[in-house]
Every structure is written in C-alpha cells, then in structure tokens.
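Here the structure comes first, spelled out in structure tokens, and everything after it is commentary.
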Amino acid sequence: MNRANSNLVTFSFSKHWLFLPPFIAVFTILVTGFFSSSTPVPVDPAIWSLVLLLFVVLTVLYIVFLRQNFSRGLFPVQIIAQGLLLCPLSLRFGAQMFQWVGVTLAICGAVVLVALYNRVRTDQEQSIRYVAPQPELDALPVPFAITDSKGNIVSISNFMLQLAQKNRSSVDGEKITVILPLDQDTVSLGGRKWRILQAPMSDGTYYFQLEEARNVAITQPVSSEFSFNDPATSLFNRSYATKRVEEELYRVHRYKRWMSAAILRVIFQSGEAHSALSPKKEDEVFNAYCRFVCSNSREGDISCLAGPRDILMVMPETTLEGAQDVVSRLSDMAALPQEEAQVLGRAAKIHDGVIYLNASSGVLDFDRFMEKLDETLKS
C-alpha cells in the first residue's frame with residue numbers, strides 16, 4: 001500500500017512538469033489563432049517585452065513552487081501567465097473577444113495567489129507561536145523544573161542543575177525526587193536552604209521553583225510520594241482536582257467551550273446471595289479498579305477520588321455521547337485483571353452519572369458541579 005502511494009506522488013509530480021507555462025502557451029496561441037480575424041491591432045514592442053519578461057518570471061516562480069512541493073500555488077501562477085500572454089495575443093490576431101478574458105484570468109490568479117500566501121503565512125505564524133523557547137527557558141537564572149503528570153522531569157533550568165550538581169542527561173525523564181524531596185517543604189542545595197514552591201499548570205504539567213528561605217521551620221513529612229496523586233489508586237487527590245475542575249469550568253464559561261463529566265460509584269453488595277468481602281479486600285479491589293480507570297484516561301482528563309467509593313472523571317472538550325462511550329468502556333469489567341473482574345462482577349455494582357456542560361450551564365464552582373453530578377447518579 002505504501003509503495004502504491006509513493007508511485008502516485010511521483011507520477012503527480014512528473015505530470016506538473018508537463019504543464020509549465022511555456023508548454024501551455026502553445027495551446028493558448030493555437031486557440032487565439034483559430035479565432036483570428038483580418039483586422040489585427042498592432043502591439044507596441046515595449047508591451048511585448050514587458051509581457052514576455054513577466055511570463056519568464058512567472059515560469060521561474062512555477063518551477064520554484066514545484067521544487068518546494070507547493071502544489072496549491074501552481075494553478076494561480078499558471079492562469080496569471082496565460083492571462084498576461086492572452087492580452088497582446090488577442091490584439092495581434094484580431095481576436096479582441098479574448099482580451100478581457102486575459103485580463104480576468106490575470107486578476108483572478110493574482111487574487112488567489114495572494115490569498116494562498118496569506119493563508120500559508122498565518123499557518124506558519126500560528127505554528128511558531130506555540131513552540132516553546134526551550135533553550136531560552138533553560139538559560140533563565142531561576143532554579144525551576146517542569147514535570148509531567150507522573151512527576152517525570154521534562155524541563156529543568158541550568159541554575160537548578162548547578163545547585164544540584166547534576167548534568168542534564170542524568171535527570172531528563174527521571175522523577176523530580178532525584179533533586180527535590182517532595183515529602184518536605186525545604187531543601188538544602190548549593191550550601192543554602194531553599195523553600196520548594198510547586199503549582200499545577202493548565203496543560204497537566206507541574207511547575208517547581210526554589211525560593212531562598214531563611215529561618216524556615218521544617219514541616220512533618222507528607223505520606224504521599226507525589227503530592228498531587230493518591231499513591232494507592234494513582235488518581236489525583238480531591239484538593240488538586242477541585243482547583244483543576246474550577247479552572248476548566250471557568251474556561252468553559254469564558255471561552256465558550258464545553259466539557260463532560262462522569263461519576264462512577266462502586267457499591268459492594270452484602271447478603272446471602274453475595275459472597276461477603278472483608279474491608280481490606282474491598283479496598284484492594286476498589287484500588288485496582290481506580291488504577292484501571294487512571295490507565296484508561298486521556299492525558300487531559302481529570303480523574304480523582306470524589307468519595308470513599310466514588311471516582312470523578314472530568315473530560316474537557318468532550319460531548320455527552322463521547323463521555324457516555326468512555327463510561328461504558330470503564331464499566332466493562334472484562335478489561336480488568338481476571339481476579340478483580342470476578343470479584344467486581346460477583347460482589348459489586350458500578351453506578352454512574354454523566355453530565356454535559358457548556359457556556360450557558362452557569363456552573364462555576366466545584367460544589368455546584370458535584371451537586372449536578374449527584375442528581376444524575378443512577379440508583
């Protein structure tokens with residue numbers, strides 16, 4: 001299949017060379033001559049020279065577009081060239097009816113070419129606008145690092161590397177904990193004590209920065225390895241999710257966007273018809289299901305614990321139908337490991353509720369957001 005596609009591109013490229021403006025000019029001359037009359041109009045040699053010069057320039061431009069694979073620009077250049085040539089030819093052969101055809105072709109071709117140029121330039125500016133100036137960021141005299149949602153380093157400043165006495169190759173892709181102890185609020189680097197500042201970013205990454213600290217008391221260690229995630233379930237904790245959800249709600253309201261959200265409630269059944277599970281076993285099964293939900297979430301989704309057995313999923317830029325499809329897949333216990341799937345299928349049920357929000361929904365805070373989800377939760 002790939003070979004066939006390659007041959008098709010080669011044939012199309014060769015065919016374009018057969019339509020160089022001088023070759024098409026032969027057809028233009030023949031058509032104009034066929035409609036010639038016995039009353040030709042003399043054309044000043046200076047006009048001929050100017051038209052031929054422009055024709056050569058357009059031919060060179062056609063060749064440049066061919067070599068750069070800019071096939072969209074070939075047609076407007078072609079009709080400009082033939083339109084310019086048709087103007088003096090129609091007078092020379094006495095076919096005045098083609099004079100305005102030539103003028104129209106030249107003008108239309110120029111308009112289309114300018115529109116294509118502006119479109120390509122706008123696309124290039126937009127692509128450049130979103131390219132992060134990585135070398136300039138790394139050179140800033142600020143001790144900072146950026147990690148992905150799992151805590152892996154994706155960017156780090158030279159100043160931070162200098163304080164930690166490490167080289168870039170040894171930390172790229174590693175956990176941030178190789179430099180910063182996240183179970184503490186301060187760290188000693190370069191003979192000085194620094195306060196660790198951290199904040200989530202809108203694209204799901206995390207920003208860490210050091211601020212020189214004086215007379216700072218050391219706080220008690222935090223039990224979580226990574227402060228934004230629950231270690232047992234791999235889901236975001238509720239405090240972080242609250243901030244992220246309210247950011248998404250503001251974005252929906254401010255920029256006229258949309259989002260969907262779902263809540264999954266795992267209810268363990270009891271009674272003679274069901275095998276009773278110990279609380280420890282229920283926790284193990286629930287945590288396994290949470291990890292399954294986390295591993296099947298998109299990069300931009302927000303999955304967190306919303307209650308003892310509740311999982312909240314926020315899906316930006318997702319329609320109601322798309323969210324319902326996601327919930328349907330996550331409710332399929334066959335995709336879980338065999339033991340957990342059997343336990344869930346025998347001793348638990350998964351209830352779900354899905355909502356869709358847009359700019360007219362009027363929901364801007366987390367509490368109201370959770371109320372709407374609770375209203376849709378199936379009993």
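The values are calculated or read from the model by the stated rules, or taken from the named source; none is laboratory data. Everything quoted here is computed from the prediction, not taken from an experiment. With ideal geometry, Cβ positions are generated from the backbone for all residues, glycine too; neighbour counts draw on all protein chains shown.
Which is closer than 20 Å to residue 91 by Cα, small (Gly, Ala, Ser), surrounded by 12 or more Cβ atoms within 10 Å (Cβ to Cβ) and in the same structural domain as residue 89 (by TED's automatic domain parsing), of 46, 25? Of 46, 25, the one residue that is closer than 20 Å to residue 91 by Cα, small (Gly, Ala, Ser), surrounded by 12 or more Cβ atoms within 10 Å (Cβ to Cβ) and in the same structural domain as residue 89 (by TED's automatic domain parsing) is 25. Here the condition is being modelled with pLDDT of 85 or more and not basic (Lys, Arg); of 70, 75, 35, it holds for 75 alone. Only one entry in 138, 148 is charged (D, E, K, R) and at pLDDT below 85, namely 138. Listed conditions (1) assigned to a loop (DSSP other than H, G, I, E, B); (2) at pLDDT 80 or above; (3) closer than 30 Å to residue 285 by Cβ are all met by residue 177, apart from (1). Of all the residues in the range 296-333, those that are modelled with pLDDT of 85 or more and farther than 26 Å from residue 268 by Cα number 9. Count of the range 263-282 residues, restricted to those that are over 23 Å from residue 325 (Cβ atoms) and at pLDDT 85 or above, is 0.
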